[in-house]
Amino acid sequence: MYLTEEGEIVGPDKGSLYSNLGILTRNDYRVPLTYPSWTEVPINILDDLWREMQVSLVFALKKCEFSSL
């Protein structure tokens, strides 16, 4: 799995990464379902979610680097 110059995730494991990111965004503990729109979610919740997504992406890319050695 790798990122293209356009920032697109490519590779056989991208589905697994997308699943993990989907779980993060649909977790009602992290993002309560009381917000009718993403634009109404408080910035501190969005920031926390963004940090977790970045960590997930970094781990996924590192995992792929090691598995391709």
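The values are calculated or read from the model by the stated rules, or taken from the named source; none is laboratory data. Treat the numbers as computed from the prediction; the structure is a model and nothing was measured. Cβ: placed from backbone, ideal geometry, glycine included. Neighbour counts: every protein chain shown. Protein only, heavy atoms only, side chains kept; ligands, DNA and RNA dropped before computing areas. Shrake-Rupley method; radii C 1.70, N 1.55, O 1.52, S 1.80 Å.
Of all residues being assigned to a loop (DSSP other than H, G, I, E, B) and of a type in the set (Gly, Ala, Ser) in segment 1-15, which is surrounded by the fewest Cβ atoms within 10 Å (Cβ to Cβ)? Just the residue, please. My answer is Gly7. Close contacts from segment 10-34, counting a first residue that is more than 20 Å from Ile45 (Cα to Cα) and a second that is among the hydroxyl-bearing types (Ser, Thr, Tyr) and open to solvent by less than 40 Å² (accessible area, probe 1.4 Å), with Cβ to Cβ under 7 Å and a gap of 6+ residues or different chains, come to Val10/Thr4; Leu17/Ser56.
If I filter segment 29-41 for residues that are farther than 21 Å from Tyr2 by Cβ, at pLDDT below 85 and outside any loop (DSSP other than H, G, I, E, B), do I get at least one hit? Yes: segment 29-41 contains one or more residues that are farther than 21 Å from Tyr2 by Cβ, at pLDDT below 85 and outside any loop (DSSP other than H, G, I, E, B). Taking segment 16-63 as the range and being of a type in the set (Val, Ile, Thr) and open to solvent by 70 Å² or more (accessible area, probe 1.4 Å) as the test, the residues that pass are Ile23, Thr34, Thr39, Ile43, Val55, Val58.
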